[in-house]
Amino acid sequence: MIPQGFPLEVFRRYAGLALPRHVSYPMPTAWSNLDEKDFRDHCALHEKDPDSPGLSIYIHIPFCESLCKFCACSKTILKKELRESAEKKQAYIEALLREIALAASARGMNRPVRQVHWGGGSPSYLEGEEIIAIQAALREHFVLADDAEVSIEIDPRHTTPHLLDCLKQARFNRISMGIQDFDAVVQSHVHRIQPFEMVRDVTEAIRERGIGRVNYDLIYGMPYQTLETVADMVEKTLQLCPDRIAFYHYAQIPEKIATQRGMDYKHLPSSEEKLAMFLNALEKFPAGGYVFIGLDHFALPDDQLAISLDEGTIQRNFQGMTTQRGLDLIGLGASSISHLMGLGYWQSHKDIPVYQASVMNGRMPIERGLHFSEDDRIRQEALSEIYCYGRADLRQVGRRFGIDPMEYFAREWENLRELEQDGLVELPAEGIVQVTHPLGRVLLRNIGAVFDAYLDPDAFKMGDRYYYSVSA
Ligand SMILES: C[S@@+](CC[C@H](N)C(=O)[O-])C[C@H]1O[C@@H](n2cnc3c(N)ncnc32)[C@H](O)[C@@H]1O
């Protein structure tokens, strides 16, 4: 339910604009061609930098056995029963193993790896033994810290007890599951049938093995989802008590993602229904013991994400919200993105054969990216505070960069004043931006847009070209 007194008229004016979620800043639309040499040169800059405490590695497995119609991630469907699929998978694994060795040979890669995350696609498309072999190669070429967070995304429909045993053996300590929704009608519409009992059993099997923590990905705002079905999904999630919850708003971009065109858009929930879905989650998850972590994440208080929120070490990146701010992210696999803190982004070829040809020829598969300007770095700080903490102290940003924040952000401050009048933020002192609850929380991207120099200055209230960011 939308609470009495909620300023619906204001919400209607700002909601539904095509604005970025800022998992990166600047967004990929601003990137251009970069190459391997450029990446290696920049890696070397952090080799002995005491402010670069370590690495976070992302491994992309682009394969899935079947298509989920809502999915906007970078993936390829491979039917397991076809011999051709096995060959494609083998070629990819071979290239990935080669890339691990290549990446590790860059200067600066001997720093401790404190996080590893496998995403996709569905990494659980691989056999357990294949995952063990890739993880062993990673440990052979990189220095994995003993207390590293090692996580993997799995598809519960294809998760066997044997796969979980292998994940335990490969020392994963966090499993992330794509749930999306428990409702049978929605599941059937999006081509992803996985009843509650299946998710429950996989969750229990992970816990029985003592593998570690469990994350759930949920989506609201898809066709056939109603207030009731989404409220039921929240209830069912609370019953299973995952350690972290990502409660994503459905990113609907059929003009870019052809398979989304098959969704039945006549049955989409309205903006106001989606607002009610989100407000319900914003009430029910904390009432069930979860801490709200910016934008669309929730975590149990003893989960590292909630602890990091307290400690001020949370960060926004391509994986949403993560812990251990400051690590350099090294992406491995087709389409993956590396982020050297304070320096820039480098993305690998999305096209799998091109990616494979590059690494098999001994070249890191860098295709494009961007070097940060000083202005990018300043704005990254402000955006990170807004998204992670719902508050920004521009005076502190100013001190860090030696700028006068009120002069530097003069235009932004005017726009923030407009948002203040509409109740999205409070500006209690010069340079302090406080996001309001719940209006500012639900319109966080509009506040973020104020600081995005690549958008039209009025984009926060007018919308702009569509920026998409589940996968870059
Ligand atoms: C790459 S997918 C991984 C799915 C997982 N490996 C699996 O197979 O279950 C990561 C997550 O992105 C989210 N996602 C994908 N497409 C989305 C969209 N169009 N809108 C919002 N979230 C989306 C889903 O929640 C999904 O679980």
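Got a sec? Which of Ile154, Ile100, Ile93, Ile131 is over 29 Å from Arg207 (Cα atoms) and crowded, with 16+ Cβ neighbours inside 10 Å?
Details: Ile154 fails: over 29 Å from Arg207 (Cα atoms); Ile93 fails: over 29 Å from Arg207 (Cα atoms); Ile131 fails: over 29 Å from Arg207 (Cα atoms).
Selected residue: Ile100, the only one of Ile154, Ile100, Ile93, Ile131 that is over 29 Å from Arg207 (Cα atoms) and crowded, with 16+ Cβ neighbours inside 10 Å.
Per the listing Leu55, Leu67, Leu45, the residue uniquely surrounded by fewer than 20 Cβ atoms within 10 Å (Cβ to Cβ), within 27 Å of Glu130 (Cβ to Cβ) and assigned by TED's automatic domain parsing to the domain that holds Asp146 is Leu67. Considering only residues in region 222-263 that are among the hydroxyl-bearing types (Ser, Thr, Tyr) and over 13 Å from His297 (Cα atoms), the one that is farthest from the ligand (Cβ to nearest atom) turns out to be Thr226.
Applying a threshold of 6 Å to beta carbon distances and a minimum spacing of six or more residues, or different chains, the list of pairs starting in region 48-72 at a residue that is among the β-branched types (Val, Ile, Thr) and ending at one that is assigned to a loop (DSSP other than H, G, I, E, B) reads Ile59/Gly333; Ile61/Gly121. Among the residues of region 447-462, some residue qualifies, meaning at least one is at pLDDT 95 or above, of a type outside the set (Val, Ile, Thr) and part of a helix (DSSP H, G or I). In the condition set (1) under 19 Å from Gln194 (Cβ atoms); (2) at pLDDT 95 or above, Asp243 is compliant with all but (1).
Of all residues in region 188-221, those being within 16 Å of the ligand (Cβ to nearest atom), assigned to a helix (DSSP H, G or I) and surrounded by fewer than 19 Cβ atoms within 10 Å (Cβ to Cβ) number 5. Based on this model, can you work out whether Arg12 counts as outside the structural domain of Arg261 (by TED's automatic domain parsing), assigned to a helix (DSSP H, G or I) and surrounded by 12 or more Cβ atoms within 10 Å (Cβ to Cβ)? So Arg12 fits the description; yes.
Mind checking which residues of region 303-328 are in a strand (DSSP E or B) and more than 13 Å from the chain's Cα centre (by Cα)? If the condition is that a residue be in a strand (DSSP E or B) and more than 13 Å from the chain's Cα centre (by Cα), then Asp328 is the only one that fits. If the condition is being farther than 20 Å from Ala136 by Cβ, within 16 Å of the ligand (Cβ to nearest atom) and out of contact with any Lys or Arg (no Cβ under 7 Å at 6 or more places or on another chain), then region 69-112 contributes Lys69, Phe70, Cys71, Ala72, Cys73, Lys75, Thr76, Ile77, Lys79, Lys80. Checking Ser105, Ser124 one by one, the residue that is of a type outside the set (A, V, I, L, M, F, W, C) and surrounded by 19 or more Cβ atoms within 10 Å (Cβ to Cβ) is Ser124 and no other. Checked against (1) surrounded by fewer than 22 Cβ atoms within 10 Å (Cβ to Cβ); (2) closer than 30 Å to Arg114 by Cα, Ala258 passes all but condition (2). Looking across region 15-42, just one residue is of a type in the set (Ser, Thr, Tyr), touching a Phe, Trp or Tyr at 6+ places or on another chain (Cβ under 7 Å) and surrounded by fewer than 19 Cβ atoms within 10 Å (Cβ to Cβ), and that is Thr29. Applying a threshold of 6 Å to beta carbon distances and a minimum spacing of six or more residues, or different chains, the list of pairs starting in region 115-132 at a residue that is among the hydrophobic types (A, V, I, L, M, F, W, C) and ending at one that is more than 15 Å from the ligand (Cβ to nearest atom) and assigned to a strand (DSSP E or B) reads Val116/Ile57; Val116/Val150.
Based on this model, can you work out whether Asp146 counts as without any contact (Cβ under 8 Å) to a residue 12 or more places away in the chain and either more than 14 Å from the ligand (Cβ to nearest atom) or outside the structural domain of Arg192 (by TED's automatic domain parsing) (or both)? Against the criterion (without any contact (Cβ under 8 Å) to a residue 12 or more places away in the chain and either more than 14 Å from the ligand (Cβ to nearest atom) or outside the structural domain of Arg192 (by TED's automatic domain parsing) (or both)), Asp146 qualifies. Of the residues examined, Arg174 is not one that is touching a residue at least 12 places away in the same chain (Cβ under 8 Å), among the basic types (Lys, Arg) and over 25 Å from Met109 (Cβ atoms).
Only one of these is more than 26 Å from Gly312 (Cα to Cα) and surrounded by fewer than 20 Cβ atoms within 10 Å (Cβ to Cβ): Gln434, Gln396, Gln421, Gln356. Name it. Quick ask: steps written out before the conclusion?
Working: Gln434 fails: more than 26 Å from Gly312 (Cα to Cα); Gln396 fails: more than 26 Å from Gly312 (Cα to Cα); Gln356 fails: surrounded by fewer than 20 Cβ atoms within 10 Å (Cβ to Cβ).
When all the criteria are applied, what remains is Gln421.
The values are calculated or read from the model by the stated rules, or taken from the named source; none is laboratory data. On a predicted model such as this, the values are computed, not experimentally measured, just so you know. Note that each Cβ is placed from the backbone with ideal geometry, even for glycine, and that neighbours are counted across all protein chains shown.
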